[in-house]
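Everything on this sheet refers to the single structure shown next.
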Amino acid sequence: MAFIGEAKAIKSMITSRGSLLGMGAAMIVPSVGFGLQAASANDQGSAPVRVKFTFADTGMTATLYDSPSARDFASMLPLDLMIEDYSHNEKIVRLPRKLTEEGSGPFDNEQPGDLCYFKPWGNLALFYGDYKWDGLIRLGHFDEGFDPLKVRGEFPVRIERI
């Protein structure tokens, strides 16, 4: 008889734990679902984010990709910084803080007109010539060419959403 009583007690404990776990899961899962719905309701159709760089009496626009790093960059705008020459194929802009690197990885098919983030230094890299370099996150691409980047010198630059 003692064995039957112990078996009922164990079965009751297992059933109670299972019920508690089921209730806990039921409380967690709907909240995850609601969170996803709220996020998709706020993305407004995932319209691309466009930014304008104004320097040396000229302006140029870029379209950002939908990535954590690009969204982090867009969240910092507007910015008034300096743009300067670096090497023979790019200009750089030193950002006030580093961007998130979440979800980034290597990429290929580099081309002039790419707007990138250089992870080791935490700066923007605006390419007007061929390049191949590790440590970059591509943020976007310039919309209508990149000739203004070829103007040599250091200039104040205004970066803003459009």
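For region 119-139, which positions are surrounded by fewer than 18 Cβ atoms within 10 Å (Cβ to Cβ) and hydrophobic (A, V, I, L, M, F, W, C)?
Result: TRP121, TRP133.
Spot the failing condition for GLY105; the list is (1) outside any loop (DSSP other than H, G, I, E, B); (2) exposed (fewer than 12 other Cβ atoms within 10 Å of the Cβ), and only one is missed.
For GLY105, the failing item is (1).
When residues of region 121-158 are filtered for being β-branched (Val, Ile, Thr) and more than 20 Å from PRO106 (Cα to Cα), how many remain?
2
Just checking, how many residues over region 63-90 are assigned to a helix (DSSP H, G or I) and either closer than 22 Å to PRO156 by Cβ or not hydroxyl-bearing (Ser, Thr, Tyr) (or both)?
7
Inside region 47-70, can you point out the residues that are among the β-branched types (Val, Ile, Thr) and touching a Pro at 6+ places or on another chain (Cβ under 7 Å)?
THR58, THR63
Tell me whether region 89-106 contains one or more residues that are touching a helix residue (DSSP H, G or I) at 6+ places or on another chain (Cβ under 9 Å), closer than 22 Å to VAL151 by Cβ and of a type in the set (D, E, K, R).
Yes, region 89-106 contains at least one residue that is touching a helix residue (DSSP H, G or I) at 6+ places or on another chain (Cβ under 9 Å), closer than 22 Å to VAL151 by Cβ and of a type in the set (D, E, K, R).
In this structure, is LEU64 surrounded by 17 or more Cβ atoms within 10 Å (Cβ to Cβ), among the hydrophobic types (A, V, I, L, M, F, W, C) and within 12 Å of VAL51 (Cβ to Cβ)?
Yes: the conditions hold for LEU64.
I'd like the residue in region 91-102 that is assigned to a loop (DSSP other than H, G, I, E, B) and among the basic types (Lys, Arg) and, out of all such residues, is surrounded by the most Cβ atoms within 10 Å (Cβ to Cβ).
LYS98
Which residues, taken from region 127-137, are touching an Asp or Glu at 6+ places or on another chain (Cβ under 6 Å) and closer than 19 Å to GLU84 by Cα?
PHE127, TYR131
State yes or no: is GLU110 assigned by TED's automatic domain parsing to the domain that holds TRP133, under 30 Å from TYR128 (Cα atoms), at pLDDT below 95 and surrounded by 10 or more Cβ atoms within 10 Å (Cβ to Cβ)?
Working: assigned by TED's automatic domain parsing to the domain that holds TRP133: yes; under 30 Å from TYR128 (Cα atoms): yes; at pLDDT below 95: yes; surrounded by 10 or more Cβ atoms within 10 Å (Cβ to Cβ): yes.
Judged against the criteria, GLU110 is a match.
The values are calculated or read from the model by the stated rules, or taken from the named source; none is laboratory data. None of the values given here were measured: they were computed from a predicted structure. Note that each Cβ is placed from the backbone with ideal geometry, even for glycine, and that neighbours are counted across all protein chains shown.
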